[in-house]
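This report concerns only the one structure given below.
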Amino acid sequence: MKRVICLAIALMFAGELFAQQVVDRPELFKRQSPYERYTTYRVSVTGGLGLPTGTFGNYMDNTTLRNYNVAVDFVFPKTNLSAGLSIGSQYFQNRIGRQVYSSDNQDVSAVQTRTFSAVPLVVTGSYHVGNVNARVRPYVQVGLGGAFAELINYWGNIPTGDNGFRFVAQAGAGVRVLFKKQGKLGLEAGATYQHLPFESVAEGIKDASTLNARIGLFYRWW
């Protein structure tokens, strides 16, 4: 009987020891997620408000919601940096009621419809705060590139204006929020200042710079 009791006690201790090893074993082989080990990829689609600034603000005098952006990034986990490429679409319109304008010693009555559109293509670099798998991850960003821009002012049905490729520089900040820990999909919100030289003596502007506030979604993968 004593042998049976001793054997039962020994089996209990052995079972507890085995269970402890099973619990502890995963800790010995725990590895970082792929997002922490490898360069990964992210695509963002955002849209929102565009606000004209400077002489462009005096000329346009209207904000727009036709302000979209698609960005693709390479995310480097060890340095909290990312580098990417973004392409946007911006369209502003300002309609001025009928007025009388003097031109070449003549008075002309017309309705002005001022429009401006731009398609910027920008190389970006970003620095992030926090681990690559953090649920909330703020960032700052700078970018350089070019844009095809077009300014058209319709005097009734008669258009005047200019278009062409222009240099673009931008800087901004934002935040990305993962919907779940170590997930792939999240919310992105941010603001940028975009400097776009576009001088038009006839319209009295020296640039077409804007403040942009956008919100949207991002998706990451490896």
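The values are calculated or read from the model by the stated rules, or taken from the named source; none is laboratory data. Since the structure is predicted, the reported quantities are computational estimates derived from the model, not experimental observations. Here Cβ is always computed from backbone atoms with ideal geometry, including for glycine, and neighbour counts include all displayed protein chains. SASA here: full protein model, heavy atoms, side chains in, ligands and nucleic acids out. Shrake-Rupley method; radii C 1.70, N 1.55, O 1.52, S 1.80 Å.
When Ala169, Ala213, Ala173 are checked against the criterion of being modelled with pLDDT of 95 or more and under 15 Å from Leu51 (Cα atoms), Ala213 stands alone in meeting it.
Considering only residues of region 58-90 that are assigned to a loop (DSSP other than H, G, I, E, B), over 18 Å from Pro138 (Cβ atoms) and modelled with pLDDT of 95 or more, which is farthest from the chain's Cα centre (by Cα)? Spell out the reasoning first.
Step one: list which residues in region 58-90 are assigned to a loop (DSSP other than H, G, I, E, B), which gives 61-63, 65-66, 77-80.
When the remaining residues are screened for being over 18 Å from Pro138 (Cβ atoms), the result is 61-63, 65-66, 78.
Filter once more, so that each one left must be modelled with pLDDT of 95 or more: 63, 65-66.
On the way: Thr63: 19, Leu65: 15, Arg66: 15 Å.
So, considering only residues that are assigned to a loop (DSSP other than H, G, I, E, B), over 18 Å from Pro138 (Cβ atoms) and modelled with pLDDT of 95 or more, the one farthest from the chain's Cα centre (by Cα) is Thr63.
Is it fair to say Ile96 is open to solvent by 60 Å² or more (accessible area, probe 1.4 Å), assigned to a strand (DSSP E or B) and either in contact with a strand residue (DSSP E or B) (Cβ under 8 Å, 6 or more places away or on another chain) or at pLDDT below 95 (or both)?
In short, no.
Only strands (runs of 3 or more DSSP E) wholly contained in region 113-217 count here; list those with 2 or more residues that are open to solvent by less than 40 Å² (accessible area, probe 1.4 Å) and closer than 30 Å to Val100 by Cα.
Values: elements: 136-155, 158-178, 185-195, 197-200, 205-207.
Result: 136-155, 197-200, 205-207.
Please work out if Ser109 is assigned to a strand (DSSP E or B) and either among the acidic types (Asp, Glu) or surrounded by 15 or more Cβ atoms within 10 Å (Cβ to Cβ) (or both). Against the criterion (assigned to a strand (DSSP E or B) and either among the acidic types (Asp, Glu) or surrounded by 15 or more Cβ atoms within 10 Å (Cβ to Cβ) (or both)), Ser109 does not qualify.
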